[in-house]
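Here's the structure we're looking at; comments come further down.
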Amino acid sequence: MKLRVGLTGGIGSGKSEVGKVFGVLGALVIDADELARAAVAPGSPGLRAIASRFSGVVAADGSLDRAALASVVFHDPSARDDLGAIVHPEVRRLGAAREAAAGPEQIVIHDVPLLFEGGFYRTCDANVLVVADEETRIGRVVARSGFSEDDVRRRMAAQIDPERARELADYTIDNDGTIDALVDSVRDVYADLLERSPAISKPQPPKPPRSASPT
């Protein structure tokens with residue numbers, strides 16, 4: 001029987017790095033952001049539905065013009081709701097298909113930015129939260145994205161309260177230290193997840209490479 005695990009963390013926490021380590025250890029990691037891109041790929045049912053609802057949001061090459069779409073939905077809650085009603089079911093369908101294709105003795109990690117806000121955590125057997133100091137998170141995002149500090153703080157303010165997220169999580173991984181410390185923390189959580197699923201055999205997971213940097 002598969003073990004379904006939710007993975008989340010605020011912007012700049014290093015959630016994606018944790019997902020990579022889980023993947024090296026043997027988990028199937030399903031990235032909701034990747035699914036969201038696939039859901040609106042050229043020629044997809046999702047993109048056709050968006051083009052039917054919103055005019056002028058498909059580029060000349062047949063891809064989604066994300067800037068044009070953002071300008072339509074940014075200030076219009078009803079438009080955002082309509083967009084969500086198109087994209088979210090398709091993301092769930094794609095995620096369910098990937099999970100179904102996993103082996104029966106597989107830990108399946110769903111990397112979901114709005115895991116708690118959207119309620120997906122309730123469908124999981126366990127949930128993992130990645131945390132880091134606020135200033136550390138801001139510095140990471142500014143360095144990689146070019147956003148201003150104010151931009152990052154606004155995005156952080158729109159996410160779930162960190163203390164509430166801690167209350168909902170089964171595991172919390174601190175990503176304020178070195179990449180070696182982060183890898184060790186993920187290994188500890190993965191070992192515990194193996195123990196939580198009696199149907200999964202429990203070989204010693206491989207040691208992930210330690211050449212990456214926290215993100």
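Take the conditions (1) assigned by TED's automatic domain parsing to the domain that holds Arg144; (2) more than 19 Å from Asn127 (Cα to Cα); (3) aliphatic (A, V, I, L, M); Ala97 misses just one of them, which is (1).
The residue of the range 118-163 that is surrounded by the fewest Cβ atoms within 10 Å (Cβ to Cβ), among those that are at pLDDT 90 or above and among the acidic types (Asp, Glu), is Glu163. Does the range 36-94 hold any residues that are touching an Asp or Glu at 6+ places or on another chain (Cβ under 9 Å) and at positive phi, and which are they? Matches in the range 36-94: Gly56 only.
Applying the criterion of being assigned to a helix (DSSP H, G or I) and among the charged types (D, E, K, R) to the residues of the range 48-83, the residue that is surrounded by the fewest Cβ atoms within 10 Å (Cβ to Cβ) is Asp81. Take Val18 and decide whether it is of a type in the set (A, V, I, L, M, F, W, C), over 22 Å from Pro89 (Cβ atoms) and buried (at least 20 other Cβ atoms within 10 Å of the Cβ). In short, yes. The set of residues in the range 5-47 being aliphatic (A, V, I, L, M), in contact with a strand residue (DSSP E or B) (Cβ under 9 Å, 6 or more places away or on another chain) and outside any helix (DSSP H, G or I) consists of Val5, Leu7, Ala27, Leu28, Val29, Ile30, Val40, Ala41. In this structure, does Val87 turn out to be in a helix (DSSP H, G or I), under 30 Å from Gly103 (Cβ atoms) and in the same structural domain as Ala191 (by TED's automatic domain parsing)? Considered against the rule, which asks whether it is in a helix (DSSP H, G or I), under 30 Å from Gly103 (Cβ atoms) and in the same structural domain as Ala191 (by TED's automatic domain parsing), Val87 comes out as no.
Of all residues in the range 106-116, none satisfies being among the hydrophobic types (A, V, I, L, M, F, W, C) and without any contact (Cβ under 8 Å) to a residue 60 or more places away in the chain.
Taking (1) closer than 30 Å to Glu135 by Cα; (2) modelled with pLDDT of 95 or more; (3) over 11 Å from the mean Cα position of the chain (by Cα) in turn, Leu28 satisfies each apart from (1). Summed over the range 90-104, residues that are within 19 Å of Gly46 (Cα to Cα) and exposed (fewer than 13 other Cβ atoms within 10 Å of the Cβ) total 2. Assigned to a helix (DSSP H, G or I), more than 20 Å from Asp31 (Cα to Cα) and either without any contact (Cβ under 8 Å) to a residue 24 or more places away in the chain or over 15 Å from the mean Cα position of the chain (by Cα) (or both), is that true of Arg187? Considered against the rule, which asks whether it is assigned to a helix (DSSP H, G or I), more than 20 Å from Asp31 (Cα to Cα) and either without any contact (Cβ under 8 Å) to a residue 24 or more places away in the chain or over 15 Å from the mean Cα position of the chain (by Cα) (or both), Arg187 comes out as no.
Taken together, the residues in the range 157-173 that are out of contact with any helix residue (DSSP H, G or I) (no Cβ under 7 Å at 6 or more places or on another chain) and touching a residue at least 40 places away in the same chain (Cβ under 8 Å) amount to 7.
The values are calculated or read from the model by the stated rules, or taken from the named source; none is laboratory data. Since we're looking at a predicted model, the values are computed, not measured. Neighbour counts are summed over all protein chains in view; Cβ atoms, including those assigned to glycine, are modelled from backbone coordinates with ideal geometry.
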